[in-house]
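**Q** Structure in structure tokens, see below.
The values are calculated or read from the model by the stated rules, or taken from the named source; none is laboratory data. From a predicted model like this one, the values you see are computed outputs, not experimental measurements. Backbone-built Cβ (ideal geometry, glycine too); neighbour counts: all protein chains shown.
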Amino acid sequence: MLAQLQKDWLSNARNDLLAGLVVALALIPEAIAFSIIAGVDPKVGLYASFCIAVVIAVAGGRPGMISAATGAMALVMVTLVKEHGLQYLLAATILTGVLQIIAGYVSLGSLMRFVSRSVVTGFVNALAILIFMAQLPELMGVTWHVYAMTAAGLAIIYGLPYLTRAVPSPLVTIVLLTIVAIWLDLDIRRVGDMGELPDSLPVFLLPNVPLNLETLGIIFPYALTLMTVGLLESLMTATIVDDLTETKSDKNRECVGQGIANIASGFIGGMAGCAMIGQSVINVKSGGRGRLSTLAAGIFLLIMVVFLDAWVGQIPMAALVAVMIMVSIGTFNWSSIRDLRDHPRSSSVVMLATVAVTVATHDLARGVLTGVLLSGFFFAHKVGQILYVRSQADPDGRSRSYVVSGQVFFASADRFIAAFDYREVIERVRIDVSRAHFWDITAVSALDKVVLKFRREGTEVEVIGLNEASATMVDRFAVHDKDGGEDLLLGH
Amino acid sequence: MAELHKEKILACVDQSPYADCIADYAAWAAQRIRAPLEFLHIIDRGELGASGEDHSGTIGIDAQEQLLKKLSSEDEVRLRAARETGRVFLSELRERAERAGAPEVDTRQRYGELVETLHEQEGGVQLVVLGRRGAAAETTQRDLGRNVERVVRALNRPILAVTDQFVEPKRAMFAFDGSAVTRRGVDMIANSALFPGLPILLLMSGKVGGDAAGKLDWARQRLQDAGYEVEARLVPGDAEAVIAATALKENIDLMIMGAFGHSPLRQLFFGSKTADLLRSSGIPTLLLR
């Protein structure tokens, strides 16, 4: 156990600290930008990012993953903040944490296996689009200075790495653009105009809301969505970090850890957060592997923000917009556009539907639900195609044998029923289902229907070769060999 | 050549100065028991470390796919190199053991973590040979590699923990304390092919009370019946000091003792006799579980 602790924390200390610093620098603009999306003061997002990163470093199940205030979560809370204010957001944040801890203990994480690759791709694409769209208000109805600064910022962000990879280019962008803005005394929006910045260390406080059912009724739906979105993004990011580092993570511990982090965040006046895909990729890219990288990111962030608050307030919004456009471009899965041509149409539809629903509702949970349902639908449809019924009349012309192979269930039951010729004038029918599989009661009642329809025509029916699984289903639910079965099934 | 035992001797080696010596002891044991010998070299992927020169903090188009591609190709190159050096190193050890007379030598490299891998490989093994310190302990000034205790605790097989110099054992000492573990050890040695021909000094020390003398006498009798030349001694006093002093005085070059009978929790508060003994005696030790 001690050895595991040492491995998680200290095996990569130097790289972890450096990567943590790089991540902290990139987290500051994001935390501010996401606070603005949610409609709260920048300090809410900054405190949250500090708190979540520090707590998840200890409690999380995926070393090296970065969690903080995120865009996905910020988008969910917009209306709550608009209609009820910050205090209700803090209460919802705490409730989100409680729900996530419960989810962790009942192993809700294992449900992630129903989220297909197309849905994951749709999720990240929708997230990237939403982050980008959230920047647009900063670019509307402004002077040309803002456009020029944003363009210059993007040029530095993408250009500088060609010269040196030793310093984070988003930091250089922010510093340079801030200097230019102060020097030219430009009349443009700055971070300080967007709300209060942290000027002290965070303190413990209870959300100022009445503790009654009415409050619960307000915050519960939001907490439920926040829980879902937070766990979805966290578990997706954990899988991505697993792949990148070729190591394993404890998904249920991650759920519980996210919960603890959100509860802690709520109690120090921070908003709910979750794992960040972009930042985690940056962390791994910079050499961060252990828990120390996440902890360092949180602590560096707080130190920089608290001691540099006067300077942070001077950062032009154009610089943040440039950084966020980078995050959005880096999060988007560009190869998925190329893949639209090659992938099966159903996967593309799932991906596009996830994106469309998310962008339309600004709710990643709904997008993912749509995607999951659609993939289930398409899967059932595809498997339902695997059903073949062949028949052959016996030489004496008195009987016919049907051979059924494939999957019989709700999606293929109608095709199954239609595959038999009931009007054939014949004495006897033999249905061989030894190579078929009856999955559900729809399948069983379809077989009943077939048998009854033949009987009505005066044809004798013999069903042979029900394999074990099908036999249990038939035994339990079937009515064709019981009295009155005909009326019950055919309804008249 | 006599027929070989089925259960093999597993020698865990890493690329430290101990490896040669582990090979020598393992070969010595293999030759005596006439058991097949297998050298196991574990490449811990985690210890290969992360590279991180890119502090640009930028993510561009398809950042994730490109990073995955870059990291996997780095891993590929690194692991291939590690595999190659490991193979050369293992084949040298194999030759060394064969020269020393081991009847059947095999080598194996595995990715994984030391204790986990050993646990998986435990079946069909009758004796594990490992160094008291390995490459991991080279940089720190520990007397006892941190892996040793974890391995000993995790395994359910006798373990020969060797030092960095090979001396063919001529005289063995059994640190007998009357416990169930050491009593079973006596039976095991009586039936083992490893020790015949070695005089054994049965030493009982520590707080001597109760039926100590009787137990000691039983052990002496048992070993004598099995044809050993046995001397039994009952020396009250601080077990660690007595054992270390006797080993030195009597030119003992192989020690046998029970290992880690207590829980890790108890050890946290009271220390471990086993670890203390391993530290204070500079001779190869057979740890019984």
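**Q** Whether any residue in the stretch A:248-255 is modelled with pLDDT of 90 or more, away from chain B (no Cβ under 11 Å) and crowded, with 24+ Cβ neighbours inside 10 Å is what I want to check.
**A** Within the stretch A:248-255, one or more residues are modelled with pLDDT of 90 or more, away from chain B (no Cβ under 11 Å) and crowded, with 24+ Cβ neighbours inside 10 Å.
**Q** For residue A:239, work out the one condition from (1) part of a helix (DSSP H, G or I); (2) over 30 Å from residue B:113 (Cβ atoms); (3) not aromatic (Phe, Trp, Tyr) it doesn't fulfil.
**A** Result: residue A:239 fails condition (2) only.
**Q** Give the residues of the stretch B:119-147 that are at pLDDT 75 or above and either under 11 Å from the mean Cα position of the chain (by Cα) or not in a helix (DSSP H, G or I) (or both), sorted by residue number.
**A** B:122, B:123, B:124, B:125, B:126, B:127, B:128, B:129, B:130, B:131, B:132
**Q** Given the criteria of a type outside the set (S, T, N, Q) and modelled with pLDDT of 95 or more, does residue A:235 qualify?
**A** no
**Q** In this structure, is residue B:49 modelled with pLDDT under 85, of a type outside the set (S, T, N, Q) and surrounded by fewer than 15 Cβ atoms within 10 Å (Cβ to Cβ)?
**A** When the stated conditions are applied, residue B:49 passes them.
**Q** Let me ask another. With the requirement that a residue be touching a Gly at 6+ places or on another chain (Cβ under 8 Å), assigned to a helix (DSSP H, G or I) and β-branched (Val, Ile, Thr), what does the stretch A:63-82 give you?
**A** A:78, A:81
**Q** Then there is this: Given the criteria crowded, with 19+ Cβ neighbours inside 10 Å, touching a Lys or Arg at 6+ places or on another chain (Cβ under 6 Å) and closer than 28 Å to residue A:281 by Cα, does residue A:198 qualify?
**A** Yes: the conditions hold for residue A:198.
**Q** Select from the stretch A:305-327 the residues that are farther than 23 Å from residue A:161 by Cα, in a helix (DSSP H, G or I) and in contact (Cβ under 8 Å) with a residue 24 or more places away in the chain and list them in ascending order.
**A** A:305, A:306, A:309, A:311, A:312 - these are the residues of the stretch A:305-327 that are farther than 23 Å from residue A:161 by Cα, in a helix (DSSP H, G or I) and in contact (Cβ under 8 Å) with a residue 24 or more places away in the chain.
**Q** I'd like the full set of residues that are within 14 Å of chain B (Cβ to nearest Cβ) and touching a helix residue (DSSP H, G or I) at 6+ places or on another chain (Cβ under 7 Å), limited to the stretch A:336-351.
**A** Matches in the stretch A:336-351: A:336 only.
**Q** Tell me which residues, restricted to the stretch B:74-118, are over 16 Å from residue B:21 (Cβ atoms), acidic (Asp, Glu) and outside any strand (DSSP E or B).
**A** B:74, B:75, B:76, B:84, B:98, B:104, B:113, B:116
**Q** Further, regarding this structure: Assuming residue A:222 fulfils every condition listed in (1) within 30 Å of residue B:73 (Cβ to Cβ); (2) assigned to a helix (DSSP H, G or I); (3) hydroxyl-bearing (Ser, Thr, Tyr) apart from one, which condition is it?
**A** Unmet condition: (1).
For every residue, the table says whether it meets (1) touching a residue at least 60 places away in the same chain (Cβ under 8 Å); (2) out of contact with any Gly (no Cβ under 6 Å at 6 or more places or on another chain).
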| residue | (1), (2) |
| --- | --- |
| B:171 | yes, yes |
| B:175 | yes, yes |
| B:191 | no, yes |
| B:194 | yes, yes |
| B:215 | no, no |
| B:218 | no, yes |
| B:224 | no, yes |
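**Q** Hey, could you check the stretch A:104-152 for residues that are of a type in the set (Gly, Ala, Ser) and over 30 Å from the mean Cα position of the chain (by Cα) and say which is modelled with the lowest pLDDT?
**A** A:141
**Q** Let me ask you something else. Take the stretch A:281-314 and flag every residue that is modelled with pLDDT under 90, surrounded by 24 or more Cβ atoms within 10 Å (Cβ to Cβ) and more than 11 Å from chain B (Cβ to nearest Cβ).
**A** Answer for the stretch A:281-314, where residues must be modelled with pLDDT under 90, surrounded by 24 or more Cβ atoms within 10 Å (Cβ to Cβ) and more than 11 Å from chain B (Cβ to nearest Cβ): just A:305.
**Q** If I ask for residues that are closer than 15 Å to residue A:60 by Cα, of a type in the set (D, E, K, R) and surrounded by fewer than 23 Cβ atoms within 10 Å (Cβ to Cβ), which ones from the stretch A:222-244 would you list?
**A** A:242
**Q** Still on this structure, please answer the following. When you go through (1) surrounded by 14 or more Cβ atoms within 10 Å (Cβ to Cβ); (2) more than 14 Å from every other protein chain (Cβ to nearest Cβ); (3) not hydroxyl-bearing (Ser, Thr, Tyr); (4) not in a helix (DSSP H, G or I) one by one for residue A:333, which number turns out not to apply?
**A** Here residue A:333 meets the rest and fails (2).
**Q** Quick check: anything in the stretch B:105-119 within 10 Å of chain A (Cβ to nearest Cβ), of a type in the set (D, E, K, R) and within 30 Å of residue A:8 (Cα to Cα)?
**A** Yes, there is a match, as at least one residue in the stretch B:105-119 is within 10 Å of chain A (Cβ to nearest Cβ), of a type in the set (D, E, K, R) and within 30 Å of residue A:8 (Cα to Cα).
**Q** Is there a residue in the stretch A:382-404 that is among the small types (Gly, Ala, Ser) and within 14 Å of another protein chain (Cβ to nearest Cβ)?
**A** Looking through the stretch A:382-404, none of the residues is among the small types (Gly, Ala, Ser) and within 14 Å of another protein chain (Cβ to nearest Cβ).
**Q** Now a separate question. Report whether or not residue A:5 is farther than 25 Å from residue A:90 by Cα and more than 9 Å from chain B (Cβ to nearest Cβ).
**A** Yes; evaluated as a whole, the condition is true for this residue.
**Q** If residue A:277 satisfies all but one of (1) crowded, with 24+ Cβ neighbours inside 10 Å; (2) within 14 Å of another protein chain (Cβ to nearest Cβ); (3) out of contact with any Asp or Glu (no Cβ under 8 Å at 6 or more places or on another chain); (4) not acidic (Asp, Glu), what's the number of the condition it fails?
**A** It is condition (3) that residue A:277 fails.
**Q** For the stretch B:69-78, does any single residue satisfy the condition of being modelled with pLDDT of 85 or more, under 30 Å from residue B:152 (Cα atoms) and not aliphatic (A, V, I, L, M)?
**A** Scanning the stretch B:69-78 turns up no residue that is modelled with pLDDT of 85 or more, under 30 Å from residue B:152 (Cα atoms) and not aliphatic (A, V, I, L, M).
**Q** To continue, here is another question. So which helices (runs of 4 or more DSSP H) stay within the stretch B:149-268 end to end and still have 2 or more residues that are of a type outside the set (A, V, I, L, M) and at positive phi?
**A** By residue number, no helices (runs of 4 or more DSSP H) qualify.
**Q** Can you name every residue in the stretch A:128-184 that is among the β-branched types (Val, Ile, Thr), away from chain B (no Cβ under 14 Å) and under 30 Å from residue A:359 (Cβ atoms)?
**A** A:129, A:142, A:143, A:146, A:150
**Q** Then there's this: Output the residue which, of all residues in the stretch A:339-353 that are within 10 Å of residue A:378 (Cβ to Cβ) and in contact (Cβ under 8 Å) with a residue 40 or more places away in the chain, is surrounded by the fewest Cβ atoms within 10 Å (Cβ to Cβ).
**A** For the stretch A:339-353, the residue satisfying everything is A:347.
**Q** For residue A:64, indicate whether it is at positive phi and in contact (Cβ under 8 Å) with a residue 40 or more places away in the chain.
**A** In short, yes.
**Q** Could you check the stretch A:364-394 and list, in sequence order, the residues that are of a type in the set (Gly, Ala, Ser), part of a strand (DSSP E or B) and surrounded by fewer than 14 Cβ atoms within 10 Å (Cβ to Cβ)?
**A** A:393, the sole residue that qualifies.
**Q** Return the only residue of A:31, A:57 being surrounded by 24 or more Cβ atoms within 10 Å (Cβ to Cβ), under 25 Å from residue B:58 (Cβ atoms) and touching a strand residue (DSSP E or B) at 6+ places or on another chain (Cβ under 8 Å).
**A** Result of the check over A:31, A:57: A:31.
**Q** Sticking with this structure for a sec: All but one of (1) touching a Ser or Thr at 6+ places or on another chain (Cβ under 9 Å); (2) more than 14 Å from every other protein chain (Cβ to nearest Cβ) hold for residue A:260; state the number of the condition that does not hold.
**A** It is condition (1) that residue A:260 fails.
**Q** Which residue out of A:76, A:106 is among the β-branched types (Val, Ile, Thr), closer than 25 Å to residue A:375 by Cβ and free of Cβ contacts under 8 Å to residues at least 60 places away in the same chain?
**A** On inspection, the qualifying residue turns out to be A:106.
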